[in-house]
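**Q** Have a look at the structure that comes next, please.
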Amino acid sequence: MDGKFVPWHDANVHVLTHTLHYGLGVFEGIRCYQIKSKKSAVFRLQEHVNRLFNSAIVLGIEIPFSKKEIHTAILQVVKKNKLAECYIRPIVFLGHNQMGLNPNGVDVRAAIAAWPWGAYLGDDGINNGIRVRISSFTRHHVNITMTRAKACGYYVNSILAKAEAVRDGYDESILLDPQGYVSEGSGENIFLLSKGRLKTPALSCSNLEGITRDSVFDIAKHLKIEIDEGFITRDELYIADEVFLTGTAAEITPVREIDNRTIGNGKRGKTTTSIQKMFFEIVRGKHTKFKKWLTEV
Ligand code: PPE
C-alpha cells in the first residue's frame, strides 16, 4: 500500500477518502495460476499494467509509481503471501487530504491486494453454463463516463445490473449499449458462435477492452476459428449456437440460457469447450507457444 507492505488488517483508509465518495479511481483484476509444482505465473501481467496506466490517462490521474514499480510490486505481493493461485487487485485511488470535486491537489494513492478466488460464476457455471438475462440497465455512453478505462465508479452500473439479475434468479446480466446493441456482461466480455464463426461486440459498443477477450482472439486463431467484431443484437444472441463470457475473474464461462431461451443444446458447446480447455492449459503453462503470456513469480 503506497509502496510499503502492510498486514491485511492494517490496509485501511480514512472515511473521507475521495474515491469512496466520488468513484474516481482505477483498478485491475489479474490472476496468477500454478504452472508446475511450487511454481506460479501471473497471466498477461504487462497487459494489465498497461491497461491500469491507460485507465489513469483516461481519467486524468497521475500514478505516482512507474509501470516497472507496479509490475514488480504485483509479483512481490503474490510471493510474500505465498499464494500458488490467486486473484490480484491493484487499485489507484484519490486520498483524503481534500474534499470537493476538483481532483487537483488530492493525493494519488495505490494499493495491491491478493487473495485466493475460485470460479467467479461457480464451478457448475464453468462446466455446464450459466443462465443470464438482458439487463434493464444500459451500459455507459462513450461520452458520459467514457468506456475505455477500468474505473471504480463505472461499476455502479455493473452492480445494478448484477443485483437485478441475481434478484430475478439469474446468474449474470448482459448489458446493451446506448444504441441497443449488445455490449457485455456486468464483469465480462461476450462471444457468440453462429454458423461456425465467433462474433463479439466491437470495441465501439461501450465495452471494456478485455484481456481475456484478446486472448480468445489468439486462441481462436490457433484453433482456426474465424472471429468477427461488430454489432450484435439481443435476438442474435437468442438464436446463436453457443454463447460464452470471458474475463479474468470469470475466465471462460459458457452461457446456457438467455431470457428463458435455451442456447444451442443447453449445455457447454463444443467450440466453447475447446476454447476453454486451451485457455486453462495456457494459463497453467502447458502451451510453449503462449509462454510469453506468463510471468513467473
Ligand atoms: N468487462 C467488464 C465490465 C469487466 O469488469 C471485465 C473484468 C471484463 C469486461 C473482462 O476484462 P478482462 O478481465 O481484462 O478479460 N472484470 C474484472 C472484475 C470482476 C469483479 O467482480 O471484480 C475481472 O474479471 O477481474
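The values are calculated or read from the model by the stated rules, or taken from the named source; none is laboratory data. Note that the structure is a prediction, hence the values are computed from the model and not measured. Cβ coordinates were reconstructed from backbone atoms using ideal geometry, including for glycine residues, and neighbour counts include every protein chain displayed. Just so you know, the surface numbers come from the protein's heavy atoms only, side chains and all, with ligands and any DNA or RNA stripped out. Shrake-Rupley method; radii C 1.70, N 1.55, O 1.52, S 1.80 Å.
**Q** From largest to smallest, what semi-axes in whole angstrom does the stretch 94-147 give when each is the square root of 5 times an eigenvalue of its alpha carbon gyration tensor? Don't skip to the answer; put the middle values down first.
**A** Details: eigenvalues 254, 97, 13 Å².
That gives 36, 22, 8 Å for the three semi-axes.
**Q** Here's a follow-up. Using a Debye calculation, one point per C-alpha and no hydration shell, please list log10 I(q)/I(0) for the stretch 50-197 at q = 0.20 Å⁻¹ in order.
**A** Log-scaled intensity ratios, in q order: -1.29.
**Q** Among Arg261, Arg31, Arg51, whose mean-square fluctuation peaks in a Gaussian network model of the chain (Cα, cutoff 10 Å)?
**A** Arg261
**Q** Got the relative contact order for the chain handy, in percent, Cα pairs under 8 Å and 6 or more residues apart? Intermediate results must be reported in sequence, preceding the final value.
**A** Numbers: 594 pairs, mean separation 61.0, N = 297.
21 percent.
**Q** Here's a follow-up. Per Stokes-Einstein, at 37 °C and 0.692 mPa s, what whole-number D in µm² s⁻¹ belongs to the stretch 1-113, with the Kirkwood radius over Cα pairs as the hydrodynamic radius?
**A** On the way: Rh = 14.9 Å.
Rounded, D is 221 µm²/s.
**Q** Using Stokes-Einstein with the Kirkwood hydrodynamic radius over Cα pairs, what translational diffusion coefficient do you get for the chain at 10 °C and a viscosity of 1.306 mPa s, in µm²/s rounded to a whole number?
**A** Details: Rh = 19.9 Å.
It comes out at roughly 80 µm²/s.
**Q** For the stretch 56-104, with equal point scatterers placed on the C-alpha atoms only and solvent neglected, what are the log10 I(q)/I(0) values from the Debye formula at q = 0.14, 0.17, 0.21, 0.24 1/Å, to two decimals?
**A** Relative scattering, expressed as log10 I(q)/I(0), comes to -0.51, -0.68, -0.86, -0.97.
**Q** As a check on your grasp of the helix formula, calculate [θ] at 222 nm for the chain: sum -39500 (n - 2.57) over DSSP H runs of n ≥ 4, divide by the residue count, round to the nearest 500. Mind showing how you got there, number by number?
**A** Values: 8 runs with 84 residues, N = 297.
Result for the chain, helices only: -8500 deg cm²/dmol.
**Q** Could you work out what % of the accessible surface of the stretch 79-177 is carbon and sulfur, using a 1.4 angstrom probe and leaving DNA, RNA and ligands out of the count? Before the final figure, lay out the partial values.
**A** Numbers: 2670 of 4850 Å².
Within the stretch 79-177, the accessible surface is 55 percent carbon and sulfur.
**Q** So what is the relative contact order for the stretch 158-209, in percent, with contacts set as C-alpha pairs under 8 Å and at least six apart? Each step should come with its number before you reach the end.
**A** Details: 60 pairs, mean separation 13.2, N = 52.
Rounded, it is 25 percent for the stretch 158-209.
**Q** Related question: Determine which aspartates and glutamates satisfy two conditions relative to Lys79: a Cα distance under 13 Å, and not lying fewer than 8 residues away in the same chain.
**A** Glu296
**Q** Of the cross-linked pairs Lys36/Lys80; Lys80/Lys270; Lys162/Lys221; Lys82/Lys150; Lys39/Lys68; Lys36/Lys67, which ones have a Cα-Cα span greater than 30 Å in the structure shown? Don't skip to the end; give the middle numbers.
**A** Values: Lys36/Lys80 19 Å; Lys80/Lys270 40 Å; Lys162/Lys221 32 Å; Lys82/Lys150 27 Å; Lys39/Lys68 22 Å; Lys36/Lys67 28 Å.
In this structure, Lys80/Lys270; Lys162/Lys221 lie more than 30 Å apart at Cα.
**Q** Compute the distribution of all C-alpha to C-alpha distances in the stretch 174-244, in bins of 10 Å from 0, and list the percent of pairs in each, rounded to whole numbers.
**A** The calculated distribution, bin by bin, is 21, 57, 21, 1.
**Q** Can you give the percent of C-alpha pairs in the stretch 122-171 whose distance is more than 11 Å? Don't skip to the answer; put the middle values down first.
**A** Details: 887 of 1225 pairs.
Of all Cα-Cα distances in the stretch 122-171, 72 percent exceed 11 Å.
**Q** How big is the dipole moment of the chain about its Cα centre under a simple scheme where the beta carbon of each Lys and Arg is +1, that of each Asp and Glu is -1, and everything else is neutral? Debye, nearest 20, please.
**A** On the way: 39 positive and 32 negative charges, 240 e Å.
For this selection, approximately 1160 debye.
**Q** Under 17 Å Cα-Cα from Lys277, which aspartates and glutamates qualify once same-chain neighbours fewer than 8 residues away are excluded?
**A** In chain and number order, the partners are Asp123, Asp124, Asp214, Asp218, Glu242, Glu251.
**Q** Among the aspartates and glutamates, select those whose C-alpha is under 15 Å from the C-alpha of Lys4, and discard any that sit fewer than 8 residues away in the same chain.
**A** Filter leaves Glu69.
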